[in-house]
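J.: Sending over a structure as structure tokens; questions will come in a sec.
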Amino acid sequence: MARIQILELPTVYREHGEDETPFVLVIDETAPQRIALGFDTPWRDFWQDIADKVGARAAIVTPETIDIPANEVTLTEATDGNVVRIRVEPDLAGFREQVLAEVAKAQADARAALK
């Protein structure tokens, strides 16, 4: 099953206090998915469309397993001296269906707007 992770990029500091921390979506354990459209736009990248919608700079999609160390939290202040590592993996059951439904709705809205 595909896993979605966030890879934070270095923070961009702006003059007026509107700092931004850009990020990349990393989708591993899945294959890239392209959608065939037509002559003017021969294909679209499913995961890049999602990255664009959530404000990510890019999407990295790979069938390999990628672990991002920054997504793990290490607690070193345990009173017994043990190190505790916590890794959070979201339950994405139904996520693909929700995304496909949103994409279909956006496509329908775009078609209606062009008529």
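The values are calculated or read from the model by the stated rules, or taken from the named source; none is laboratory data. Please read these numbers as outputs of a predicted model, since none were measured by experiment. All accessible areas refer to the heavy atoms of the entire protein, side chains included, with ligands and DNA or RNA removed. Shrake-Rupley method; radii C 1.70, N 1.55, O 1.52, S 1.80 Å.
J.: Tally the residues that are over 23 Å from D45 (Cα atoms) and modelled with pLDDT of 85 or more, restricting the search to segment 66-115.
T.: 0
J.: Go through segment 40-65 and give me each residue that's modelled with pLDDT of 85 or more and not in a helix (DSSP H, G or I).
T.: Hits for segment 40-65 are G55, A56, R57, A58, A59, I60, V61, T62, P63, E64, T65.
J.: Would you pick out the residues in segment 1-30 that are part of a loop (DSSP other than H, G, I, E, B) and either polar (S, T, N, Q) or open to solvent by less than 50 Å² (accessible area, probe 1.4 Å) (or both)? Reasoning before the result, please.
T.: Just the residues of segment 1-30 that are part of a loop (DSSP other than H, G, I, E, B), to begin with: 1-2, 9-11, 13-19, 21-22, 29-30.
Result: A2, T11, T21, P22, T30.
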